[in-house]
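A short write-up of the structure that comes next.
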Amino acid sequence: AMSILLLNADYRPLAIISQRRAASLLSGGKAESLPEATILKVMRSARAALALASMIRLTYIARAPFRDPSKRQWSSDGVFERDGYKCGYCLTPLPRSKCTVDHIKPKSWCKRDGENPNSWTNTVTCCARCQAKKGDKSLNASGLTLRVRIGHPRTSYLVWRAKKHGALREEWKCYLQV
């Protein structure tokens, strides 16, 4: 199903919603389609026709939680996205199926020290060859060099979610600051 970008009345992005939710907001008068948005589908009933656009805007200001990108929960998909699906050591582009997560400080060392090994600052996308070379060694002992910026992702939650679900439409980019 096609996703729809929901904007607040002040044009700030709020969420990516389903067609069903968009239809409910539009038919209830709580939202309106943006004139520049692509019409995805026309839903017809006995009494009316409703055009579902790729972007809709609320007719009122909704209080929305601020989602700080630096507070995003760690996930392997998030690491792959942050690193651009490239090995952090040899910069080889990788399909999603060939991506692995390498722990810069080995997991066994983190457990010994009582640290969480799965953090934005301790993980990097890795190819199988570099993963085998590094093993349970430190970065210095492995002879590998980290060639990507690690840390919290810089993109917003909505951008990450849209990309993950293959729903990032070109016309949304000016609202999502991609």
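The values are calculated or read from the model by the stated rules, or taken from the named source; none is laboratory data. Computed from a prediction, not measured in an experiment: that's the story for all the values here. Cβ sites come from the backbone with ideal geometry, for glycine too, and all protein chains shown count toward neighbours. Please note that ligands, DNA and RNA were not included when accessible areas were found on the heavy atoms of the full protein model with its side chains. Shrake-Rupley method; radii C 1.70, N 1.55, O 1.52, S 1.80 Å.
Find the residue count for the stretch 33-55, including only residues that are in contact with a strand residue (DSSP E or B) (Cβ under 6 Å, 6 or more places away or on another chain) and of a type outside the set (A, V, I, L, M, F, W, C).
Initial filter on the stretch 33-55 (in contact with a strand residue (DSSP E or B) (Cβ under 6 Å, 6 or more places away or on another chain)): 33-34, 37, 39-43, 49-55.
Subset that is of a type outside the set (A, V, I, L, M, F, W, C): 33, 41, 54.
Looking only at that region, the number is 3.
Scan the stretch 27-42 residue by residue and report those that are open to solvent by 20 Å² or more (accessible area, probe 1.4 Å), closer than 19 Å to ALA167 by Cβ and among the hydrophobic types (A, V, I, L, M, F, W, C).
If we filter the stretch 27-42 for residues that are open to solvent by 20 Å² or more (accessible area, probe 1.4 Å), which is where we start, we get 27-30, 32-33, 35-36, 38-42.
Retained after the next criterion (residues that are closer than 19 Å to ALA167 by Cβ): 33, 36, 38-41.
Of everything in the stretch 27-42, those that are open to solvent by 20 Å² or more (accessible area, probe 1.4 Å), closer than 19 Å to ALA167 by Cβ and among the hydrophobic types (A, V, I, L, M, F, W, C) turn out to be ILE39, LEU40.
Quick one: MET2 ticks every box in (1) closer than 30 Å to ARG82 by Cβ; (2) of a type outside the set (D, E, K, R); (3) not in a loop (DSSP other than H, G, I, E, B) except a single one, so which number is it?
Result: MET2 fails condition (3) only.
What is the one condition in (1) touching a residue at least 60 places away in the same chain (Cβ under 8 Å); (2) under 30 Å from CYS127 (Cα atoms); (3) open to solvent by 40 Å² or more (accessible area, probe 1.4 Å); (4) touching a Ser or Thr at 6+ places or on another chain (Cβ under 8 Å) that ASP77 does not satisfy?
(4)
Just to verify a result, which residue in the stretch 5-15, among those that are open to solvent by less than 20 Å² (accessible area, probe 1.4 Å) and under 17 Å from LEU168 (Cα atoms), is nearest to the chain's Cα centre (by Cα)?
Restricting to residues being open to solvent by less than 20 Å² (accessible area, probe 1.4 Å) and under 17 Å from LEU168 (Cα atoms), the top hit is LEU5.
Given the criteria over 27 Å from GLU171 (Cβ atoms), out of contact with any helix residue (DSSP H, G or I) (no Cβ under 7 Å at 6 or more places or on another chain) and without any contact (Cβ under 8 Å) to a residue 60 or more places away in the chain, does PRO35 qualify? Let's see the steps before the verdict.
On the way: over 27 Å from GLU171 (Cβ atoms): no; out of contact with any helix residue (DSSP H, G or I) (no Cβ under 7 Å at 6 or more places or on another chain): yes; without any contact (Cβ under 8 Å) to a residue 60 or more places away in the chain: yes.
No.
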